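Heads up: the structure comes next, in structure tokens.
The values are calculated or read from the model by the stated rules, or taken from the named source; none is laboratory data. Here the structure is a predicted model, which is why all the values come from computation and not from measurement. The accessibility values were calculated without ligands, DNA or RNA, using every heavy atom of the protein model including side chains. Shrake-Rupley method; radii C 1.70, N 1.55, O 1.52, S 1.80 Å.
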Amino acid sequence: MESPDPISIHSDSSEPVLGQGAAGTVRIYNSPRKGPIARKMMVIKGCYEREKFYLELCRALKEEPLYKYTIECLGCFTKSDTQFCIDFELAATDLHRAAVNVDDTPTKCTQWFPDADSFDRAITDTLSGLMFLHEHVNIFHNDIKPANLLLVKSDDAPQIVKIGDMGLCT
């Protein structure tokens, strides 16, 4: 796998948190080579099978020709005996944040879904991504929810929905 940026390996926990779940914490890192990226840090203490799974998953996602409905894996590495990191492209937001205001009231999502066609594309993107993961990478996501459907700006559409957070994949 590609070696990580030396500056960001030793960074502390002051980077903004994008999300946190059972498998780890995702923070924004400023990569000297790639600019802002999302880095998922996971505790793997004594769980070498899970580390091996993550390495294989990252390798499989990197080897596919940048499949557009899964978040792009930029690299992965073992940070210490207890931490494993995967770097991903940084999405603009996720479906949960796009659909809910800060006070948890629903929003109309018109910035991301201005019409019915764009919403239909989002569903198609999600199903295409799930099919790709199952048929080409041979994994099941196991944690599909709005927070794991990432919205990425695109030149050919208002957005592309990409599947992220593969921490519970099998």
Original post:
What's the carbon and sulfur percent of segment 68-170's accessible surface, probe 1.4 angstrom, rounded to a whole number?
Top reply: 54 percent
**OP:** Could you please state, rounded to a whole Å, how far the C-alpha centre of segment 124-150 is from the C-alpha centre of segment 18-45?
**Re:** 20 Å
Subject >> Over 26 Å between alpha carbons, listed pairs Lys52/Lys162; Lys79/Lys145; Lys52/Lys153; Lys79/Lys153 >> reply: Lys79/Lys145; Lys52/Lys153; Lys79/Lys153
Original post:
Accessible area per residue of segment 80-166 at 1.4 Å probe, in Å²?
Top reply: 56 Å²
